[in-house]
Amino acid sequence: MLKFLRRTRRTWSKLHGKKGVYDGAAATATALVLGNESADLDSIVSAISFAYLKDTEASLIQTAARPLFVPVVSVPRGDLRLRTDCITALTWALEASKPNENDEDDIDFTSAESSLTFLDDIRPVLDSLEEGEKVDNLSVYLTDHNVLSPKLTHLDQYVSGVVDHHKDDRKAPEGALDPYEITTVGSCTTLVAERWAALVARTAQPMDPVLSRLMLAPILVDTINLSPSGGRVTDRDVAAAHFLKSQLPDVIDQTSFFTELFGRLQSAKFDVRGLASRDLLRKDYKEWVCGSFKLGISSVTWFLGDEQGINDGGWLARESEASGDGKSGAVILSGDLLSWANENSLDVAVIMTAFDHGGAGEKGFERELMVMFSENMRALSTGSVMDGVMEALRVDVDLKLKERQLHDVEHDWTKFFVQGDNKLSRKQVQPILQRILEGTSPFGQL
């Protein structure tokens, strides 16, 4: 896998990167495989594994011009450090690689970051595609999303295939894209694993063990270690995990292997308390255009905490303690979220937290929502738009929101809720918010 990743980086640089523009006349066709803009573990791994799959399939076809498949991590290179579970998964997977001091490609084999292609590595080339005529030798595949983020919409004309497990917002005509698979499973990587299983069955060639280990990680994380009680796992996720394990002959005890890996990844995923608020907001962030409004949601694996700002180890308590001037954590975080909304030109900014408090107490696993409306949203029809959207959230039968007070926050454009149904992640909550916003007129009628 390392050789594949490094080869794609070198070849991309040779063909396009050094020039800073896309070379439409290059003899080698290029396909970018883009995970979604949050660049979470499932997004990164599904992009890598799908690109590697397409490259492997292409190598079996005897043609003079073999396409270049480039998996892209859809954030700047420096942001990988924020994704502690991704670093853990990549490093753990690479432990299966055997370094060879005589093989240049295996130098620094434990360094995941040096092998990957990030959005800022190719951004100048992508920007060059906004102008001029469409090039003929470029295609784009989407994994873990089916509609490009607002900042990359100029690439939509190049989209050739989609593999995803979210709500279908593209609604492509039949036969327009290949593949076009949007299926409800726990992890997008499951869908790619099924394609690998078909290839292994067809060729009788085993998978790269590094890739098999890496692909197991998001499947276990996204399905809570294949647990039916989590409400996410499907039979296809279970089958995919068993297939990937079958490609690791050294693994004898599957249950303990899965449990140990899941525990390691969960510990890394929830180790975010040392990150600044802005880093927490951008670590796992997605945005959408919903009718007349722009929505942004930051998923955070922590908890906001007690509504009175009591020191309970939560985000609000940390901000209050760090302020030194008596400000409540809610006031500070509300200001940080407003700055984030302004920076990204959002009409509605949302923080979704998810945290397991453990067996002690009444909370257990909990999800919270902080919802903020921008100055523009608040001004529309003297706030009637904001009021209508907020009321629609309060009465939504799926979310079952329970409102909490924000300590010392006197304005009405930031609200704090606990989800009654803690099984609803961003994948399920975003369509609810989108439906509400798309049904809202900027003139105040819902």
Residue in the stretch 375-393 that is farther than 18 Å from residue 351 by Cβ and either assigned to a loop (DSSP other than H, G, I, E, B) or within 24 Å of the chain's Cα centre (by Cα) (or both) present: no
Residue 160 being touching an Asp or Glu at 6+ places or on another chain (Cβ under 8 Å), among the hydroxyl-bearing types (Ser, Thr, Tyr) and open to solvent by 30 Å² or more (accessible area, probe 1.4 Å): yes
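For every residue, the table says whether it meets (1) at pLDDT 95 or above; (2) of a type in the set (Lys, Arg); (3) open to solvent by 30 Å² or more (accessible area, probe 1.4 Å).
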site: 250; (1), (2), (3): no, no, yes
site: 254; (1), (2), (3): no, no, yes
site: 261; (1), (2), (3): yes, no, no
site: 269; (1), (2), (3): no, yes, yes
site: 274; (1), (2), (3): no, no, yes
site: 277; (1), (2), (3): yes, no, no
site: 280; (1), (2), (3): yes, no, no
site: 298; (1), (2), (3): yes, no, no
Test result for residue 84, under 19 Å from the mean Cα position of the chain (by Cα), polar (S, T, N, Q) and at pLDDT below 95: yes
Near pairs, Cβ below 7 angstrom, 6+ apart or cross-chain, from the stretch 164-187 (more than 16 Å from residue 239 (Cβ to Cβ)) to any residue that is open to solvent by 60 Å² or more (accessible area, probe 1.4 Å) and not aromatic (Phe, Trp, Tyr): 169/147; 170/147
Whichever residue in the stretch 408-445 is in a helix (DSSP H, G or I) and either free of Cβ contacts under 8 Å to residues at least 12 places away in the same chain or among the β-branched types (Val, Ile, Thr) (or both) and, among such residues, is most open to solvent (accessible area, probe 1.4 Å): 435
Residue ID - farthest from residue 128 (Cα to Cα), chosen from residues in the stretch 142-161 that are part of a strand (DSSP E or B) and in contact (Cβ under 8 Å) with a residue 24 or more places away in the chain: 143
Near pairs, Cβ below 9 angstrom, 6+ apart or cross-chain, from the stretch 325-345 (within 16 Å of residue 376 (Cα to Cα)) to any residue that is among the acidic types (Asp, Glu) and part of a loop (DSSP other than H, G, I, E, B): 341/347
Filter result (of a type in the set (Lys, Arg) and surrounded by 21 or more Cβ atoms within 10 Å (Cβ to Cβ)) within the stretch 187-222: 213
Verdict on residue 367 being in a strand (DSSP E or B) and either modelled with pLDDT under 80 or basic (Lys, Arg) (or both): yes
Qualifying positions in the stretch 13-40 - open to solvent by 10 Å² or more (accessible area, probe 1.4 Å) and within 22 Å of residue 90 (Cβ to Cβ): 13, 37, 40
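The values are calculated or read from the model by the stated rules, or taken from the named source; none is laboratory data. Predicted, not measured: the structure shown is a model, and the values here were computed from it. Here Cβ is always computed from backbone atoms with ideal geometry, including for glycine, and neighbour counts include all displayed protein chains. We work out accessible area using only protein heavy atoms, side chains counted, and drop any ligands, DNA or RNA first. Shrake-Rupley method; radii C 1.70, N 1.55, O 1.52, S 1.80 Å.
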